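Below is one structure, written out as structure tokens; comments come after it.
Readers should treat all values here as calculations from the given coordinates under stated rules, not as data from a laboratory. Just so it is clear, the model here is predicted, and its values are computed rather than measured. Neighbour counts run over all protein chains shown; Cβ positions are idealised from the backbone, glycine included.
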Amino acid sequence: MYIKTYAVLCFILTILFVWYFVGSWRGYAQTKDNHLTNQELINEYKQKASLEKADYEKNKTTFDQLQDEISTKLKDIFPVNDNYTALTRNLDDFEKELANSSNIFEISSIDYQSPVEGKEYNILPFRMNIRSSEKNFREFLHLIEGSGALTDNIRLMEISSIRLNFENSEDETSPDVISFTVQINAYYQ
Amino acid sequence: MSQEDTNKAPQADNSLINPLDVQKSGVAEGTQNEVIKGIVDAGTAGPQEKLLDAAPEIDMSLLENATVQKSPILMILKWSSGFLVFLLFASFIFFNSQLSTRLDVVTSAVNLPNLSQNLESSTAEVIKLKTDENFYRFLQLKAYLDLFSFDGDAFIRNYDSIIGKSTSEAQRQVAKEDIEDVKRSLAQSFEKAREKIKVDISAPLASNKSRKDLEDLFLKSLQDELKAKSKDLKKNKSEGAQIESKNLTHISKLVGNKKLKSLLLKTDFASLSDEEIYALVKDMNKLVVNDLSTIQKIKEERVKWSEIINQIELSTVAVDSYYNQKSRYDIVGGIRYTSYDFDTNEKRVTISGETKRIDNQNFSMIARLIDEFNNSDLFENAEMKTFNKSGTFLEGYTANLKLSFDLDQGETEAKKNKKVSKK
């Protein structure tokens, strides 16, 4: 009877052992393979990372020069702050450029409003009252529409509304004078 | 059975001898013990015979050399069971020490390496190294895309000069020369950006994770690295550090940008015409986030009021051929504007003025003007619902004009680009 009992016990233990060992060994072998694969990847990527870093370091001077050039241009065109004093000088430069004895261009007022913050950029709205000849009015529109070019130092702006009145002169030879109020958005970072 | 039978003690079989009777045979009758005898008397007194001989004496010395007979099979089975239990226990200990952290206390005490922990740390090492590689690669990608945007701005300006109707011939010639240099630079930065973006962001980690999960893992790792570095730089208040911090934020928007990757990989820059390069630059600016692309987006959304005013004049001249000739207005009449009201937010224009006619056809003139505006590419929904005039048959009539119309939606740089690409 004891023999039978022990025989059955041996059999059960054998089954248990084989089942547990085989199952666990598979997991162990897989984990070991994975670890070996990772060791190979570590060697490979150590090399790749240092090559990529070396590539970047080699070109860093060029990249930094480009960054500096862009930053310099953006200081006037798309500055970090609203920089309204520089903008005011820009607008005075417009008046200087456009006004002459035969074609008037007079900025009578500039009124800056509260900045508006956005996701990618911020806006400084302002309003101007101007008296101008028709020719200079169109020139003024072109200046605003062309603002923000990287070749110029003119602040990036956009006209959001214009209200203008023609002071129609009867004299064919004298140019019509336009009085207009223009609402402009000046952009910054 | 009767009541008397139940009260009477049972009588024993006389042939049987009760040992108690034998012992009690010496007791004289008629004594007080008779009662006792009567109690214990089983009535079995008979001939006294000994059945058994004297009990044998056991010789213990014989047992001293006696051994139990052992079964070999049983021994084997016992030993096997014990061995199997030991094996089971040992393999349990081994696999748990290698594949889990349950026995960390023991393994660390005896300095036994844990395979699962080694795998974890090697996996983390691979992720870190690949993230480092990705980081430097994306720094370069951003620089090449910035260069592309920078040259792209010059390309757009030159191209606009070449196709612009108001450009002088000299300006057009200069623009044509410049554009060739810019194109070469654009091609170089485009190819370099393509080389950087085509590299797989993930590593072939030995893992059960799917390809997509692995990619997400490496994307997240790179994003976290960029965020952490940007945050560190932000603490430094210097301008250079702030710009660097912002650049890293821009780079994080390039990571995982599938549309940008697809555009860079699918486009053969060398085979593009100038028009197609123009469109490509605009498309790239929409997908790339940097200051230059932001500026370009703002420019594209700008309304060109000078063109609006030009079109108003053209539409007016189509109705009043003497428009803007002051002397003619008083003689033959016509249209004269007194004010414009342009609103970018509403995309709406209101014109005020008056019409003067000698032949009292003011309302027809205004109606033709409304039709002209509606037929133009730039305007829609032109209307004026109230007409009134005053004057005399001899001196002519003057009618007030207050006309509103909408800008044709999308008449911005973006719409103009469509027209360019259609040419």
Q. Across peptide A:113-124, what mean number of C-beta atoms from other chains lies inside 10 Å of a residue's C-beta?
A. 1
Q. Which one of A:HIS35, A:ILE123, A:LEU156 has its Cα pushed farthest toward the positive end of the charge dipole of the range A:35-184, where Lys and Arg give +1 and Asp and Glu give -1 at the Cβ?
A. A:HIS35
**Q.** Radius of gyration and maximum dimension Dmax of the range B:309-403, Cα, Å
**A.** 13.1, 45
Q: Would you mind checking the pairs A:LYS60/B:LYS237; A:LYS32/A:LYS53; A:LYS75/B:LYS297; A:LYS96/B:LYS347 and listing those with alpha carbons more than 28 angstrom apart?
A: A:LYS32/A:LYS53; A:LYS96/B:LYS347
Q. What ranking do A:47-55, B:126-134, B:388-396 get when scored by the average of other Cβ atoms within 10 Å per residue, highest first?
A. B:126-134, A:47-55, B:388-396
(Q) Give me the extension gain from B:GLU301 to B:VAL106: residue separation times 0.36 nm, minus the current Cα-Cα distance, reported in nm with one decimal. (A) 63.3 nm
Q) Which angle between 0 and 90 degrees, to the nearest 10, do you get for helix A:134-145 versus the longest principal axis of chain A when only C-alpha atoms count? A) 10
(Q) What whole-number volume per residue, in cubic angstrom, does the convex hull of the C-alpha atoms of the range A:1-121 give? (A) 226
Q.
If I model a spin label at B:MET60 and B:GLU120 as a point 7 Å from the Cα along the Cα→Cβ vector, what separation in nanometres do I get?
A. 6.6
Q) What's the average, rounded to a whole number, of partner chain beta-carbon atoms within 10 Å of each residue's beta-carbon in A:29-39? A) 6
Q) Put +1 on the Cβ of every Lys and Arg and -1 on every Asp and Glu Cβ in the range B:99-178; which of B:PHE148, B:LEU99, B:PRO113 then has its Cα farthest towards the positive end of the dipole? A) B:LEU99
Q) What is the spin-label model distance, in nm, from A:LYS119 to A:LEU51 if the labels are put 7 Å beyond Cα along the C-beta direction? A) 3.8
Q.
Need one word for the range B:235-326: rounded, prolate or oblate. Basis is the Cα gyration tensor (sqrt eigenvalues a ≥ b ≥ c); a/c below 1.5 gives rounded, then a/b vs b/c decides.
A. oblate
Q) For the protein assembly as shown, taking Cα atoms only, what is the radius of gyration to one decimal and the Dmax to the nearest whole Å? A) 52.8, 188
Q) Expressed as a rounded percentage, what relative contact order does the range B:266-380 have, with Cα pairs under 8 Å and six or more residues apart? A) 18
Q | Efficiency of FRET between A:PHE11 and A:LYS32 - r from beta-carbon atoms, R0 25 angstrom, step 0.05 | A | 0.20
Q.
Explain nothing, just the number: relative contact order of the range B:192-314, from Cα pairs under 8 Å at least 6 residues apart, as a whole percent.
A. 20
**Q.** ³J(HN,Hα) computed for each position of the range B:379-391 - Karplus, 6.51 cos²θ - 1.76 cosθ + 1.60, integer Hz, glycine/proline x
**A.** 10, 7, 6, 5, 7, 8, 9, 10, 10, 8, 9, 9, x
Q) Using a Förster distance of 30 Å, how high is the FRET efficiency between A:GLU95 and A:ASN165, based on the Cβ-Cβ distance and rounded to 0.05? A) 0.95
Q) Of A:TYR20, A:TYR45, A:TYR112, which has the largest mean-square fluctuation in a 10 Å C-alpha GNM of chain A? A) A:TYR20
Q) Relative contact order for the range B:136-183 using alpha-carbon pairs under 8 Å, separation at least 6, rounded to a whole percent? A) 39
(Q) Which one, B:ILE243, B:VAL303, B:ALA279, is farthest towards the positive end of the dipole of the range B:217-323 when Lys and Arg carry +1 and Asp and Glu -1 on their Cβ? (A) B:ILE243
Q) Want the number for B:GLU313 to B:LYS234: 0.36 nm per residue separation, take away the alpha-carbon distance, what's left? A) 23.2 nm
Q: Report the FRET efficiency, 1/(1 + (r/R0)^6), for B:ASP283 and B:THR386, where r is their Cβ-Cβ distance and R0 is 41 Å, rounded to 0.05.
A: 0.30
**Q.** Segment B:ASP216-B:LYS128, length gained on full extension (0.36 nm per residue, minus Cα span)
**A.** 30.2 nm
